[in-house]
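The values are calculated or read from the model by the stated rules, or taken from the named source; none is laboratory data. Not measured: the values here are computed from a predicted model. Glycine gets a Cβ as well: all are built from the backbone with ideal geometry, and neighbour counts include every protein chain shown.
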Amino acid sequence: MEEIKNLMANFKGETYDFCFELLKRYGGRPEIFEYVCKNYKRRPKNGTIPVEQYFSKTEIDEYESVYGDTVNGLLNSNIKKCNFGLIEPNNFYTSLWDSFCTNFASLKERAFAFYYTIIDATIPYQYLGKPISMSNERFKEIIDKNEASINKIKYIAKSGYTQRTEEASLLLNCLEELEDFESKVVVLAQGMSLLNKPSVARHLDLDTLIKQIDKKIEELESQEGGEA
């Protein structure tokens, strides 16, 4: 993989052209797809190895419009299959590439799928295990059971902490008070929903802004006092 590593670190051009170049040089080998997915971070700023232009920006926009949802659907499907134990995590990239080869016939289509995958936020893939799911009735039952803890979460959200570590530590204390896993999951879900509300974020941003303004006023007053 040294040639791939060197090209990935030093190519000059667009990432989608880099992906086409890989397929053109080495064919659709799953191990190369996996290596690039695991190791690609960003396009090199000062690349020294030029790659040919295979796509225009207009083509990429068209491919995204036509094929973007399909790529995302296949990617999400393979992630879910791994998480639920239908695919071995070690076979994730092979399975994903096979699904691309099945659904995309041309080299350009597969190169686009390659490109659209490595720029996705869920890549590199991390196996997190099977997520818990429950019925709405069970969810409501656990909410009622843990009303006191959820009220604490609501209070944390209203209290206007400016540091995430402050909120996180208090939220963790609430979770540690709970005995069973399902209760922790439901209370955490409520906490994530409350603490991510736009109104809360705006409130926190406003608090931060007010403190910054107060600090600036103090600095100005201090400077004026020194000049006097």
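Values computed for the structure shown
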{"item": "Total residues in the stretch 159-173, condition part of a helix (DSSP H, G or I) and touching a residue at least 12 places away in the same chain (Cβ under 8 Å)", "result": "3"}
{"item": "Lys108 among the basic types (Lys, Arg) and at pLDDT below 95", "result": "no"}
{"item": "Lys158 vs. criteria surrounded by fewer than 13 Cβ atoms within 10 Å (Cβ to Cβ), in contact with a helix residue (DSSP H, G or I) (Cβ under 9 Å, 6 or more places away or on another chain), within 24 Å of Lys184 (Cβ to Cβ) and not assigned by TED's automatic domain parsing to the domain that holds Leu23", "result": "yes"}
{"item": "Count of residues meeting criterion [outside any loop (DSSP other than H, G, I, E, B), touching a Lys or Arg at 6+ places or on another chain (Cβ under 7 Å) and within 15 Å of Glu109 (Cα to Cα)] in the stretch 21-64", "result": "1"}
{"item": "Positions within the stretch 124-146 being assigned to a helix (DSSP H, G or I) and surrounded by 10 or more Cβ atoms within 10 Å (Cβ to Cβ), in sequence order", "result": "Arg138, Phe139, Lys140, Glu141, Ile142, Ile143, Lys145"}
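Okay, residues lined up against (1) surrounded by fewer than 12 Cβ atoms within 10 Å (Cβ to Cβ); (2) assigned by TED's automatic domain parsing to the domain that holds Phe104; (3) among the hydroxyl-bearing types (Ser, Thr, Tyr); (4) at pLDDT 95 or above:
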{"residue": "Arg42", "(1), (2), (3), (4)": "yes, yes, no, no"}
{"residue": "Asn46", "(1), (2), (3), (4)": "yes, yes, no, no"}
{"residue": "Glu59", "(1), (2), (3), (4)": "no, yes, no, yes"}
{"residue": "Glu62", "(1), (2), (3), (4)": "no, yes, no, yes"}
{"residue": "Ser65", "(1), (2), (3), (4)": "yes, yes, yes, yes"}
{"residue": "Gly68", "(1), (2), (3), (4)": "no, yes, no, yes"}
{"residue": "Leu74", "(1), (2), (3), (4)": "no, yes, no, yes"}
{"residue": "Asn78", "(1), (2), (3), (4)": "no, yes, no, yes"}
{"residue": "Gly85", "(1), (2), (3), (4)": "yes, yes, no, no"}
